[in-house]
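A.B. asks: Following this message is one structure expressed as structure tokens.
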4 protein chains.
Amino acid sequence: MEQDAQRLAEAAAHALLARDHASEALGIKLLEIRPGYARMQMPVRRDMVNIHGTAHGGMLFTLADSAFGYACNTYDKVTVASGCSIDFLRPAHLGDVLTATAVEQTMVGRNGVYDVRIDNDKDELVALFRGKSIQIKGTVTEAESGG
Amino acid sequence: MEQDAQRLAEAAAHALLARDHASEALGIKLLEIRPGYARMQMPVRRDMVNIHGTAHGGMLFTLADSAFGYACNTYDKVTVASGCSIDFLRPAHLGDVLTATAVEQTMVGRNGVYDVRIDNDKDELVALFRGKSIQIKGTVTEAESGG
Amino acid sequence: MEQDAQRLAEAAAHALLARDHASEALGIKLLEIRPGYARMQMPVRRDMVNIHGTAHGGMLFTLADSAFGYACNTYDKVTVASGCSIDFLRPAHLGDVLTATAVEQTMVGRNGVYDVRIDNDKDELVALFRGKSIQIKGTVTEAESGG
Amino acid sequence: MEQDAQRLAEAAAHALLARDHASEALGIKLLEIRPGYARMQMPVRRDMVNIHGTAHGGMLFTLADSAFGYACNTYDKVTVASGCSIDFLRPAHLGDVLTATAVEQTMVGRNGVYDVRIDNDKDELVALFRGKSIQIKGTVTEAESGG
């Protein structure tokens, strides 16, 4: 049964990846997927760095939001964000490789809360993100074959 | 004096625009700038739309975050985000032209709070964003000439 | 029709006040009520002040949360909070009289967003609060007669 | 050294408790204290219950905020909240005994982030709270002797 949940999580992630051109364009890679959990990586490139020499908040948000999106779709039910917050704790610099780890905190009915942390390659915490999710109609894997 | 504040706001925005390749790449345009205020526009393109046929949360965040960034740098003091939150109220669809309006709510010492609303071209509210800002060292316009 | 909406708002507020022992105990008074809007007042008493000589965050939250609760129930549909955030901008001191003003930002289906600002008696902004509301079953005024 | 940190945490908590009439009035008890960590308990009393038969959001906030306050003062440096957010996941009912567990997520310079979860006595998650803290001047234990 646990194995089935893991297979479903992998199938859902596979379906998402096939259509996720935005993450691909940003060099975001999926490192690990489990039910309610995702770990993704993004290198800080020159085009992600702002005038203060540090990664745009929007880029950090997008990385965290991607990990959140993969994690909350691992049950194969189409799930979207209703709201998010992010706190920026340390700047990320050009060349840093960032890792976002999304962990489900709770799921009550169709509503979930996911926490995401972004660490740099020195294992320093760069940002903390919290996302609220809501399941809508449809399955992730069927949407794929239909697309 | 008010005129000076407006000139400074425009000079700062000009300096930011010259270096802002990320916004340019997303088709984000600055419509209006005033001290503590910015209005920006972004069309929802095919590469911004997710598998559910609606704009990525990360794209909405990036638009709001840009308007916030321009608004809070209008005093020509380099200002960065310490944290943000966003609530998604309505989906944005392919072809929508979104407008983000950032308004300063308060500035206490070096700390500011800015509210940003994103509306679609039917004047429907798509998202509400709140950003906390902190002034750091340096001026926006000098950073430009130095760069 | 606008008059009817105002009468409904007043009836709902009246029903809430009759049962609101918590606000009464804190000295919170309702100053103004309109559809989607409430203004409330609270004096900072000795038992609300923390060891740093300033009002407890919890007291400021409770004032803002009350104004939010009255504002979002003005349509006479029982409405509860799904989440809130507050930013503390200036300390409130013993003897200050605080005013919380709650204004509806949007209502999409059963989901609303309300912004509340707390000002002190020098018209300085003390805190900014944002509340998300959701309408559930029942009416506010009928619940009253039933209780 | 670890022992010293634990002693300091206990001394700071002791100093806070001696002055904390607000928590006492609400029946909030400290169950456990460690550096960057606090666990507190509160029974849901009749005067904490709203018209919908469930605990006021303000009461849940106050419990979470207290645990946050004790946890972030365990280094004996006076620390205050700069902002907080809370998501309400399940209602708490009259007679429930709630436990709030506050855990430090990070401390960068004088700025900290703490997560607090509130569980009911069936170990169900009732609310998730996130608090941002900032250290100001003074020590907690000296403030005590001075008071």
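A.B. asks: Can you tell me which of D:Val44, D:Val126, D:Val116 is closer than 25 Å to A:Thr106 by Cβ, within 14 Å of chain C (Cβ to nearest Cβ) and touching a His at 6+ places or on another chain (Cβ under 9 Å)?
C.D. replies: D:Val44
A.B. asks: Testing D:Asp87 on (1) farther than 18 Å from C:Phe61 by Cα; (2) touching a Gly at 6+ places or on another chain (Cβ under 7 Å), one condition comes back false. Which one is that?
C.D. replies: Only one criterion is unmet by D:Asp87, namely (1).
A.B. asks: Give A:His93, A:His14 a once-over and let me know the one that is farther than 19 Å from A:Asp121 by Cβ, surrounded by fewer than 19 Cβ atoms within 10 Å (Cβ to Cβ) and not charged (D, E, K, R).
C.D. replies: A:His14
A.B. asks: Hey, can you tell me all the residues within the stretch B:96-113 that are touching a helix residue (DSSP H, G or I) at 6+ places or on another chain (Cβ under 8 Å) and either under 30 Å from C:Asp123 (Cα atoms) or within 14 Å of chain A (Cβ to nearest Cβ) (or both)?
C.D. replies: Going through the stretch B:96-113, the residues touching a helix residue (DSSP H, G or I) at 6+ places or on another chain (Cβ under 8 Å) turn out to be B:98, B:100-104, B:112.
Passing the criteria: B:Ala100, B:Thr101, B:Ala102, B:Val103, B:Glu104, B:Gly112.
A.B. asks: Residues being outside any helix (DSSP H, G or I) and modelled with pLDDT under 90: count how many of those fall in the stretch D:36-49.
C.D. replies: Residues meeting the conditions: 1.
A.B. asks: Given the conditions (1) within 14 Å of chain A (Cβ to nearest Cβ); (2) more than 22 Å from A:Phe129 (Cβ to Cβ), report the number of the one that B:Phe68 does not fulfil.
C.D. replies: Evaluating B:Phe68 over (1) within 14 Å of chain A (Cβ to nearest Cβ); (2) more than 22 Å from A:Phe129 (Cβ to Cβ) leaves (2) as the failure.
A.B. asks: Sticking with this structure for a sec: What number of residues within the stretch D:61-87 satisfy the criterion of being surrounded by fewer than 22 Cβ atoms within 10 Å (Cβ to Cβ) and over 14 Å from the mean Cα position of the chain (by Cα)?
C.D. replies: The qualifying residues number 5.
A.B. asks: Of everything in the stretch B:10-35, what is more than 10 Å from chain A (Cβ to nearest Cβ) and either part of a strand (DSSP E or B) or touching a Gly at 6+ places or on another chain (Cβ under 8 Å) (or both)? Give them in sequence order.
C.D. replies: Taking the stretch B:10-35 and keeping what is more than 10 Å from chain A (Cβ to nearest Cβ), we get B:10-14, B:17, B:24, B:27-35.
Answer for the stretch B:10-35, where residues must be more than 10 Å from chain A (Cβ to nearest Cβ) and either part of a strand (DSSP E or B) or touching a Gly at 6+ places or on another chain (Cβ under 8 Å) (or both): B:Lys29, B:Leu30, B:Leu31, B:Glu32, B:Ile33, B:Arg34.
A.B. asks: Just checking, how many residues over the stretch B:86-124 are closer than 17 Å to A:Val80 by Cβ and part of a strand (DSSP E or B)?
C.D. replies: 5
A.B. asks: Which numbered condition trips up C:Gly58, out of (1) more than 10 Å from chain D (Cβ to nearest Cβ); (2) part of a helix (DSSP H, G or I); (3) free of Cβ contacts under 8 Å to residues at least 60 places away in the same chain; (4) more than 11 Å from the chain's Cα centre (by Cα)?
C.D. replies: In the conditions (1) more than 10 Å from chain D (Cβ to nearest Cβ); (2) part of a helix (DSSP H, G or I); (3) free of Cβ contacts under 8 Å to residues at least 60 places away in the same chain; (4) more than 11 Å from the chain's Cα centre (by Cα), C:Gly58 misses (1) alone.
The values are calculated or read from the model by the stated rules, or taken from the named source; none is laboratory data. Everything quoted here is computed from the prediction, not taken from an experiment. All Cβ positions, glycine included, derive from the backbone under ideal geometry; neighbour counts span all protein chains shown.
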